[in-house]
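The values are calculated or read from the model by the stated rules, or taken from the named source; none is laboratory data. Since we're looking at a predicted model, the values are computed, not measured. FYI the Cβ positions are ideal-geometry reconstructions off the backbone, even for glycines, and counts take in every protein chain you see. In case anyone asks, the SASA skips ligands and DNA or RNA and just uses the protein heavy atoms, side chains included. Shrake-Rupley method; radii C 1.70, N 1.55, O 1.52, S 1.80 Å.
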Amino acid sequence: MKKFLIIFLIMFTLPVFADTLPYYTNNIPKSSIGVFQTGETLNIYTEPDEKSHIIKTYDFSYKPETMPDGVFCVLLNERKLGLMYVTDIGDDNWVQIIYDKHTGAKGWVMTEDRMQFMPWRNFYNLYGRKYGLRILKDAPDEISVLHAKSEDFSQNLDKLKYVKQIKLNLIRGNWALVSAMDIDKVVKTGYLKWRNTDGTIYAFPNIK
């Protein structure tokens, strides 16, 4: 009984690290065109206009116990990195974001610098090149096949099986030129389809 109580107390006194990353294809809305990096405060408007109604105001502490759920595409509290899905671009540095992933609710925010909004291509070139890629857990099996060209019907070169890290070399449309060492300790290089034509994303930067 004492042993059980000790385990119980340990479980509920350990810090909670409520970081967020997408692991399944349906975690990433097909309508998303990139990500918006939040600061510590955020006003979300009904329209791309500061005179429009403020839907929501956030003050982000980046303390796991106080951070809101269902908001972020990527959240790394320790690094104070919060990224939200972008679905549209307006004039004068406005972008439309999803601020509630459960309901799909959207609003408009103003970017403060050119790096705050990153289209998928920019995002992958920055974070994908730095951290590599990982294939999402429910991606179709054929996504692991490497192609000779960035085309569906190009020659199949090899198939990734038990790779720990996929190095991103180049983004070309919906394809990524990658290199990876598989279980056989042979480096395999070819084109991997990171996104489908309908917007479904199959591979995501392995941000840490």
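Quick notes on this one:
- Only Cα pairs under 8 Å and 6+ residues apart enter the sum, and on that basis the relative contact order of region 139-208 stands at 27 percent.
- Database remark: amide H of Ile89 closer than 5 angstrom to the amide H of Gln96 (H placed geometrically; neighbours at sequence offset of 5 or more, or on other chains; Pro and chain starts carry no H).
- Under a model in which nothing but the beta-carbon of Lys, Arg (+1) and Asp, Glu (-1) is charged, the chain shows a dipole of about 1100 debye around its Cα centre.
- Whole-percent pair-distance distribution, where bins are 10 Å wide, for the alpha carbons of region 46-121: 18, 50, 30, 2
- Within the shell defined by Cβ-Cβ distances under 14 Å, the residues around Lys188 carry a net charge of +2, with Lys and Arg each +1 and Asp and Glu each -1.
- The string of couplings for region 122-133 from the Karplus curve (6.51, -1.76, 1.60, θ = phi - 60°) is 5, 4, 5, 5, 7, 7, x, 5, 6, 10, x, 10 Hz, one whole number per residue in order, with x for Gly and Pro.
- Per residue, the chain reaches -2000 deg cm²/dmol at 222 nm when only DSSP H runs of four or more residues are counted, each adding -39500 (n - 2.57).
- Fraction of accessible area attributable to carbon and sulfur, the chain (%, probe 1.4 Å): 53
- Between the amide H of Ile166 and those of Leu133, distances stay under 5 Å, these residues lying 5 or more places away or on another chain, with hydrogens modeled in the peptide plane.
- As a length-normalised measure over Cα pairs under 8 Å and 6 or more apart, the relative contact order of region 79-208 settles at 20 percent.
- Ordering Asn206, Asn122, Ala176 by the projection of their Cα atoms onto the charge dipole of region 79-208, which places +1 on the Cβ of Lys and Arg and -1 on the Cβ of Asp and Glu, puts Asn206 at the extreme positive end.
- Here the Debye sum runs over all C-alpha atoms of the chain as equal scatterers in vacuum, and log10 of I(q)/I(0) at q = 0.14 Å⁻¹ comes out as -0.88.
- Three-way shape label, region 122-208, alpha-carbon gyration tensor, a/c 1.5: rounded
- Label positions at Ser61 and Asp49, each projected 7 Å from the Cα along the C-beta direction, are separated by 3.6 nm.
- Rg over Rh, two decimals, region 75-170 (C-alpha only, Kirkwood Rh): 1.04
- Size of charge dipole - region 41-102 - debye, nearest 20, with Cβ of Lys, Arg +1 and Asp, Glu -1, no other charges: 300
- Per residue, in Å², the accessible surface of the chain once ligands and nucleic acids are set aside, probe 1.4 Å: 59
- Prolate/oblate/rounded label for region 144-189 (Cα gyration tensor, a/c 1.5): oblate
- Under Karplus coefficients 6.51, -1.76 and 1.60, residue-wise ³J(HN,Hα) of region 32-43 in Hz, glycine/proline x: 6, 10, x, 9, 10, 8, 7, x, 8, 10, 8, 9
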